[in-house]
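Nothing in this text is a laboratory measurement; each read-out follows from the coordinates by a stated rule. Please read all numbers here as calculations on a predicted model, not as lab measurements. For neighbour counting, all protein chains shown are included, and Cβ atoms are generated from backbone atoms with ideal geometry for every residue, glycine included.
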């Protein structure tokens, strides 16, 4: 599939290419593996960029989900299923949260939270800390948030053309250094309505920087939005930042909560329903029930299979495999792996030289693809429960890929 033949509009994030430069087109997935249209199979650690948490086409998930579809997919307004699901979600949330908003994508949920914060505070500005979506104010002139603090690429800003509403008092400010003192200086301006924090950023520092930031925000009257898109339903039911939830004003949940079906939630205070009405936050497909059914089935299976603990074990095993394979291939000085949130996610660990060499890092993912493994770099990768059956022989696959990558230098 060449660029001139491509009929589906997409970006480089959703296009993977083999070593020969040919774009990979996907055909089917079963368990922890996925197949392309040429019949090649891969162990899938991209998991749809995170939503697939149980596995592709899990038979039990399929059966329960199909049964629920008999209740109808979309009504003129919200249904009993939404109320039941919202009650389930709020049972895991702090008592200060009493309302759930439904969306398809977390970008929509974060944008809604920003609008609500602007309404509540009367201020136009937002502070970003992490990747929080592709809408204009969330991505315009934003840095590479998934890079480590010591990576020279972290301060490389991308500026997609066409973004609007991101100048003057509405211009976002990026808190890239995670230093509370830097943040305090911005709060002093009085123009910011909210601080949006991507949960992944907490793995970049081990001190109490986020606690300090939230305390400073409260003092300045700045609302806090915790974006648990990558972590809700994967690290824990609500996400990874449990100890900070009670002090937050909004929580965004997404990706893994429905095992691949599009759903994102915005948790807020009891008055959020009235704020939705005033600020005109709505949408036809925010009322669909298909995603709600998927989320309820996913949550039930994760609890029944002790899924959160199982993911951590699988992530830890995988990191051991990658570390051992890299050592055997003679690449351990340049690349290894580490767990993220205890193993619910995992990431490659690069030397300082490789951190500054994006092309070489990209070459590694293509060599892994050629060997039959799909993984990310510059962004954490994922595991799903079905990967329990994919560990045997995986070390040899990584050794082969690392060796070929080393020789290609």
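Using the empirical formula 2.2 N^0.38 Å as the baseline, the Cα radius of gyration of the stretch 17-70 reaches a ratio of 1.34. Relative contact order of the stretch 302-345: 51 percent, from C-alpha pairs under 8 Å at least 6 residues apart in sequence. Scattering from the C-alpha atoms of the chain alone, worked out with Debye: what is log10 I(q)/I(0) at q = 0.10, 0.13 1/Å? Each listed q maps to, in turn, -0.70, -1.19.
One decimal place: the segment residue 211-residue 84 gains 42.5 nm when fully extended, by the rule 0.36 nm per residue minus the C-alpha distance. Beta-bridge orientation, the stretch 62-304: approximately 35 percent antiparallel, per DSSP, counting only bridges with both partners inside. Classification of the stretch 82-206 by its C-alpha gyration tensor yields a prolate form. The axis ratio a/c (a ≥ b ≥ c) is 1.5 or more, and a/b outweighs b/c.
Axis of helix 209-220 versus longest Cα principal axis of the chain: the two differ by about 20°, to the nearest ten degrees. Between the stretch 309-331 and the stretch 182-200, the alpha-carbon centres lie 37 Å apart. In terms of surrounding Cβ atoms within a 10 Å radius of their Cβ, 38, 317 rank from fewest to most as 38, 317.
Protection proxy ranking of 96-104, 141-149, by the mean of other Cβ atoms within 10 Å over each peptide's residues and highest first, is 96-104, 141-149. Taking the average, over residues, of other Cβ atoms within 10 Å as the packing measure, peptides 322-329, 389-396, 171-178 rank 322-329, 171-178, 389-396 from highest down.
Between the beta carbons of residue 63 and residue 333, assuming R0 = 60 Å, the FRET efficiency works out to 0.80 to the nearest 0.05. Where both bridge residues fall in the chain, DSSP classifies roughly 60% of the beta bridges as antiparallel. Against the chain, whose longest principal axis is taken from its Cα atoms, helix 358-371 shows a tilt of about 60°.
Hey, quick one: spin label on residue 167, modelled 7 Å out along Cα-Cβ, who in the stretch 128-148 has an amide N within reach, i.e. under 18 Å? Only 136-142 fall inside the zone, counting backbone N under 18 Å.
On full extension, the segment bounded by residue 177 and residue 141 gains 11.3 nm, given 0.36 nm per residue less the C-alpha separation.
Based on the reciprocal of the average 1/r between different C-alpha atoms, the Kirkwood radius for the stretch 181-331 equals 17.9 Å. With 0.36 nm allotted per residue and the present C-alpha distance subtracted, the residue 274-residue 158 stretch has 38.1 nm of extension available. With a Cα-only, solvent-free Debye model of the stretch 62-304, what are the log10 I(q)/I(0) values at q = 0.13, 0.16, 0.18 Å⁻¹? For the stretch 62-304, the Cα-only Debye profile gives -0.78, -1.16, -1.42.
For the peptides 152-159, 341-348, the ranking by mean Cβ contacts within 10 Å, running from highest to lowest, is 341-348, 152-159.
Angle, helix 394-407 long axis vs. longest principal axis of the chain, Cα atoms, 0 to 90°, nearest 10? For helix 394-407, the angle is close to 80 degrees.
Once both labels are positioned 7 Å from their Cα atoms along Cα-to-Cβ, the gap between residue 92 and residue 407 label points is 4.6 nm. Using alpha-carbon positions, what is the distance between the centroids of the stretch 227-289 and the stretch 77-133, in Å? For the stretch 227-289 versus the stretch 77-133, the Cα centre distance is 5 Å. Only Cα pairs under 8 Å and 6+ residues apart enter the sum, and on that basis the relative contact order of the stretch 62-304 stands at 28 percent.
Thinking of the stretch 229-298 as a set of Cα atoms, what percent of all their pairs are more than 20 Å apart?
36
Computed log10 I(q)/I(0) for the stretch 280-387 at 0.23 Å⁻¹: -1.22, from the Debye equation with unit scatterers placed on every C-alpha and solvent omitted.
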